[in-house]
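Reading through the structure tokens given below for one structure.
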Amino acid sequence: MGHATSSDPNIFILPDLGEGVHEAELIAWKVAVGDTVEEHQTLAEMETDKALVEVPSPRAGVIASLNGREGEICKVGDVLVTYEGASNGAAPSPNARDERSESRDSSALPEAEREDAGTVVGSVSNDPIMPSQGGKALATPAVRRLARDLGVNIDSIAGTGLAGRVTEKDVRAASNGAPGAPASAPPPSPSGRGPGRGATATLAPSQPAPTYSPPPSLPAPAAGQTQRIPFRGTRRTIAARLRQSIDTAVHFTVMDEADVSALDALRKQTAAASGESVSFLPFVISAICRAVKHFPALNATVDEAAQEILRHPSVHMGIATDTEHGLNVPVIPDADALGVLEIGRHVAQLAQMARDRSIPRERLMGSTITISNVGSYAGRFATPVINIPEVAILAVGRVREGVVVRNGGLHVGKLMPLSLACDHRVVDGAEAARCLALIVELLQSPEQLLAPARR
Amino acid sequence: MPIKVAYQATIEYMQILDEQGGLDAKLARDTLTDDQVVMLYEHMSMCRRLDEIAFKLQRSGRLGTYPQNMGQEAIASVALAARPQDWMVPCYRENAALYLHGLPPEMILLHWMGDERGNQIPEGLNITPMSIPIGSHMLHAAGIGWAARIRGDDQVAFTFFGDGATSEGDFHEACNFAGVMHAPVVFICQNNQWAISTPRSKQTRSETFAQKGIAYGLKVRQVDGNDIFAIFRAAREAVADALKGQPTMIETLTYRLGDHTTADDARRYRDPAELEAARKRDPLIRTRKYLESKDLWSADQEEAMIERNKAQVDDIVARATNIEKPKTTDIFDAMFATIPPELARQRDTMQTNSLGQFPQQETLRRGATAHSPTQSPAHA
């Protein structure tokens, strides 16, 4: 951490807003070019990976430029705001607002965004709901965030809190009760650049910047129905990771079904004997642990910087977990040294910790291969995205009753769909297929799965 | 043989000034004078303003990590119970008491700007530098108290720490040491309900933090930590006991209205309703209500004070920010009264043995004024 400050008093560079913070997302400017500001007056609201913060002005002066668009990520150390030099006088420019939008590098924006220039991005409305009190509302960042989320202009609310502070209650009242509570920002008008009538929906590869347009067969949503959700926080982290995976790994998926009738009987037996509930998942984890002993290429990670493939002697099993706060991948370390019951206890513990958000950071790192239980709701096969730098992920579909052929006869059995995605850079197709075949075989003769894979 | 009760204890809780500004006149007798209450109110208000500005200084890149004191200003009352010769051994959320004990407020800002001069306590002030690692300093207080007793000095050591610090081993060692050595120490646990994101309910299974002191033979007390009267009375009684060889532990029930530090966002783990409820117990609100009810304070006075505080805080900030830049050679000057020749040579050449005395390092002499005002964070 360091707080770089500019030696030029007219330049304010974005400081470290927390401790070891390198960047922050610009949520909203609170001033405009030409505004006269006081020291400590809020210039902008920004969100770091830790907090929503208000950035105050380090000095009094007249704003000469604002660098950064709302929604943009600003780097610590970059120039955020410049002030007019003392010689320029303090008279605000009459066209300050225009200058502000012009000062943005509009040429760099995609077409659709340029059409929107001037409207407010996000859900903050400029329409006052209540008579303006004049000036900036006093409110905590949490309340400001709530106001923004509810599409309420906080400066127009008469605060009932300490010293006129706008409280959470005030914001909710303004959002619910007030007549004509503003809708969120208007939906983007269809740009007309989407596929033409009758054309296939596939974009030609040469088409520039695929901006989303509603398919022509769907009516454009009526005003007020479209919700704009800022792309940030956990969601953005997930998106970046998945994007990176797709951009890095060469994905391919092999699929098969395992007849888990015997396994189903065994797990019920095990549950009865141990008094613990035992699901299929620990058995599948145990099968993976065993299979990758024969196919070590799958229990590997790629060190991109060193251009090396790291094959790991033990299996640290990542478990893709869907929580209300987003996707994360808690890890069972040394899963191959655990028996099925122990694995089951780990899974239950991780699920609980995922729900109350108490997973320690170290339990979210270091997996060597990942399993994704996609079948809890529906769905049979999948094309899962690899949790890089790993090279393999197994998606487990919903176990269902189906017809199986055994010794030339038709039977009704339990079928578990399995989809194994690998990074083709590291794993060959035949290798993946043979590994999946072994997993299927292990699941179909499950007794050996009870003991740890590694002794 | 019948089973007998080996030991039984009770913990007293004291509140004198309630949330509405109502005073228990009986308990308040011979505590704070009207003038002292007015002074404390003005002082706490100034501290609040300084705290807010320090927060903004961090957000605009002019201060490192800063732990806000907001909501805990009533701790200033301890400084009125302390005598000038008594020691303050603080952590970082009792600025209001330190200023009143004589610490120039700009020193706290300097500390958080990463300037060592913020820790250079002026001669004659019995205050130790803020201790950022949790709980380490209670032992120093125990030692200071013990030394005072051995030397026969008429001194008491006050030490301040949070609820989380009671889970550190050092706390228990310090309490035990003070108890068994009859050291004149007053342990003040500012229970603000949160140790960063760990709530009080997950910190201890004890009903109170105060009762932990009983185990070490301390006299213990729980008081309303937003009540300047209760804190004053408990602290003054603790001084009298300490001088008789009886150390005390006072648990002050208060609330951290801000984040743990500027690197924290309490909204991520704290219920907003809890915060709203705590705001109603703000020490400033009740003290003002009390003063107004006694016609000791008016809206005009309030307005004048706000202006005065603004100017005073601006002045404090200016003193911190306008301090002359430290010289590179300063790093040699703090340790030895007479600098050893080897260090003198290093200072004069800015070359070090360990780096092999590269002649290129001579350039450090010219370019070395760059001053990195950073500070290792408070226990994050």
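Residues in the range B:292-313 that are in contact (Cβ under 8 Å) with a residue 24 or more places away in the chain and among the acidic types (Asp, Glu): B:Glu292 alone. The set of residues in the range A:33-61 that are hydrophobic (A, V, I, L, M, F, W, C) and closer than 19 Å to B:Leu57 by Cα comprises A:Val37, A:Leu43, A:Ala44, A:Met46, A:Ala51, A:Leu52, A:Val53, A:Val55, A:Ala60.
Checking each residue in the range A:402-455 for being hydrophobic (A, V, I, L, M, F, W, C), within 33 Å of the chain's Cα centre (by Cα) and assigned to a strand (DSSP E or B) picks out A:Leu415, A:Met416, A:Leu418, A:Leu420, A:Ala421, A:Cys422. With the requirement that a residue be more than 8 Å from chain B (Cβ to nearest Cβ) and without any contact (Cβ under 8 Å) to a residue 40 or more places away in the chain, what does the range A:1-30 give you? The answer is A:Ser7, A:Asp8.
The set of residues in the range A:403-422 being buried (at least 19 other Cβ atoms within 10 Å of the Cβ) and out of contact with any Asp or Glu (no Cβ under 6 Å at 6 or more places or on another chain) consists of A:Met416, A:Ser419, A:Leu420, A:Ala421, A:Cys422.
Confirm whether A:Thr42 is out of contact with any helix residue (DSSP H, G or I) (no Cβ under 7 Å at 6 or more places or on another chain), β-branched (Val, Ile, Thr), within 14 Å of another protein chain (Cβ to nearest Cβ) and in contact (Cβ under 8 Å) with a residue 40 or more places away in the chain. Give the steps one after another, and end with the answer.
On the way: out of contact with any helix residue (DSSP H, G or I) (no Cβ under 7 Å at 6 or more places or on another chain): yes; β-branched (Val, Ile, Thr): yes; within 14 Å of another protein chain (Cβ to nearest Cβ): yes; in contact (Cβ under 8 Å) with a residue 40 or more places away in the chain: yes.
Yes.
The single condition among (1) more than 14 Å from every other protein chain (Cβ to nearest Cβ); (2) within 27 Å of A:Thr42 (Cβ to Cβ); (3) over 15 Å from the mean Cα position of the chain (by Cα) that B:Asn69 does not meet is (3).
Here A:Ile359, A:Ile319 are screened, and the one residue that is farther than 18 Å from A:Ala395 by Cβ and assigned by TED's automatic domain parsing to the domain that holds A:Asp256 is A:Ile359.
Per the conditions (1) in contact (Cβ under 8 Å) with a residue 24 or more places away in the chain; (2) under 21 Å from B:Arg221 (Cα atoms); (3) outside any helix (DSSP H, G or I); (4) not acidic (Asp, Glu), the sole criterion not satisfied by B:Leu63 is (2). Restricted to the range A:14-33, and to residues there that are surrounded by fewer than 21 Cβ atoms within 10 Å (Cβ to Cβ) and over 25 Å from the mean Cα position of the chain (by Cα), the residue that is farthest from A:Leu138 (Cα to Cα) is A:Ala32. Just the residues that are surrounded by fewer than 21 Cβ atoms within 10 Å (Cβ to Cβ) and under 12 Å from B:Leu296 (Cα atoms), please, taken from the range B:27-41. Those that are surrounded by fewer than 21 Cβ atoms within 10 Å (Cβ to Cβ) and under 12 Å from B:Leu296 (Cα atoms): B:Thr33, B:Asp34, B:Asp35, B:Gln36, B:Val38, B:Met39. Any idea which of A:Arg400, A:Arg434 is under 21 Å from A:Arg267 (Cα atoms), basic (Lys, Arg) and surrounded by fewer than 17 Cβ atoms within 10 Å (Cβ to Cβ)? After applying the criteria, what remains is A:Arg400. Count of the range A:45-83 residues, restricted to those that are crowded, with 19+ Cβ neighbours inside 10 Å, more than 12 Å from chain B (Cβ to nearest Cβ) and of a type in the set (A, V, I, L, M), is 3.
The values are calculated or read from the model by the stated rules, or taken from the named source; none is laboratory data. Since we're looking at a predicted model, the values are computed, not measured. When we count neighbours, we look across all protein chains shown, and the Cβ atoms used for this are built from the backbone with ideal geometry, even at glycine.
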